[in-house]
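**Student:** Next up is a structure, given as structure tokens.
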Amino acid sequence: MNPEELLSLARTRGCLLATAESCTGGMVGARITAIAGSSDVYLGGFVTYSNKAKEELLSVPASCLEAHGAVSKQTALAMAAGCSASFDDCLAVSITGIAGPGGGSEEKPVGLVYIATAMGMIHDVRKFVFSGDRDEIRSQACDQALALLGRHILTHL
């Protein structure tokens, strides 16, 4: 779903949006805010690249980061929930992953990305393994985040 379609759908369904990004560094928010008038739907976002930022800005428990790591479904869900709560239970999306070229392992390869949505008590998380270089991985993650936001609105609102 492209940003224009997402914003139109959010307006139609009366939904407000926010983002919590790690490996994409604010790209989802940038794509949304590139559309004139997006401020009536998009409330804002967090770029939480470090674990400290995830803990302090999104209330991701240190125990979650220690047990599962920054790139995990548990952390993605906690990031989305913390972002949603920060903006009065709006629909939030979070992205955490390994964009490369380094930082991967056999267990968590380059291209591994978790994307979660949260709104109130409704949470969802998806795991992706994207291929390509750093820019391609980040771009694919953004595309999927926009799609998951749209899917959440269509399914739950």
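The values are calculated or read from the model by the stated rules, or taken from the named source; none is laboratory data. Bear in mind the structure is a predicted one, so any value in this text is a computation, not a measurement. Cβ sites come from the backbone with ideal geometry, for glycine too, and all protein chains shown count toward neighbours. Keep in mind that these areas ignore ligands, DNA and RNA; they rest on the heavy atoms of the full protein, side chains included. Shrake-Rupley method; radii C 1.70, N 1.55, O 1.52, S 1.80 Å.
**Student:** With no solvent and one equal point scatterer per Cα, compute the Debye intensity ratio I(q)/I(0) for the stretch 1-61 at 0.12 Å⁻¹ and report its log10, rounded to two decimals.
**Tutor:** -0.32
**Student:** Taking all pairs of different Cα atoms in the stretch 85-157, averaging 1/r and flipping that mean, what Kirkwood radius in angstroms comes out? All intermediate terms of the calculation are to be shown ahead of the outcome.
**Tutor:** Values: mean 1/r = 0.0774 Å⁻¹.
One over the average 1/r among Cα pairs gives 12.9 Å for the stretch 85-157.
**Student:** What three numbers, in Å, describe the spread of the alpha carbons of the chain along their principal axes, ordered from the longest?
**Tutor:** 43, 32, 24
**Student:** Further question on the same structure: Rounding to the nearest 10 and keeping the result within 0 to 90°, find how far the Cα-based axis of helix 134-156 lies from the longest principal axis of the chain.
**Tutor:** Tilt of helix 134-156: around 50 degrees.
**Student:** Go through 153, 83, 64 and say which Cα lies farthest out towards the positive end of the charge dipole of the stretch 49-157; charges sit on Cβ, +1 for Lys and Arg, -1 for Asp and Glu.
**Tutor:** Highest projection toward the positive end goes to 153.
**Student:** Can you order the peptides 72-79, 89-96, 31-38 by their average number of other Cβ atoms within 10 Å per residue, highest first? Could the numbers behind the result be given before it?
**Tutor:** On the way: 72-79: 23.5, 89-96: 26.6, 31-38: 15.2.
Per-residue Cβ counts within 10 Å, averaged per peptide and sorted highest first, yield 89-96, 72-79, 31-38.
**Student:** Using the basic label-point model (7 angstrom from Cα toward the beta carbon), what is the residue 11 to residue 133 distance in nanometres?
**Tutor:** With each label placed 7 Å out from Cα toward Cβ, I get 3.7 nm.
**Student:** Same structure, new question: Could you check how many percent of all C-alpha pairs in the stretch 68-126 are farther apart than 18 Å?
**Tutor:** Value for the stretch 68-126 (Cα pairs over 18 Å): 34 percent.
**Student:** Which of the aspartates and glutamates could a cross-linker span from residue 73 if the Cα-Cα distance has to be under 12 Å and same-chain partners fewer than 8 positions apart are dropped?
**Tutor:** Reachable aspartates and glutamates: 124.
**Student:** Determine the share of the chain's accessible area contributed by carbon and sulfur atoms, expressed in whole percent, with a 1.4 angstrom probe.
**Tutor:** Numbers: 3670 of 7160 Å².
It is 51 percent, rounded to a whole number.
**Student:** Here's another thing I want to ask about it. How big is the stretch 13-96 on each of its three principal axes, counting only the C-alpha atoms and giving the largest first in Å?
**Tutor:** 40, 22, 19
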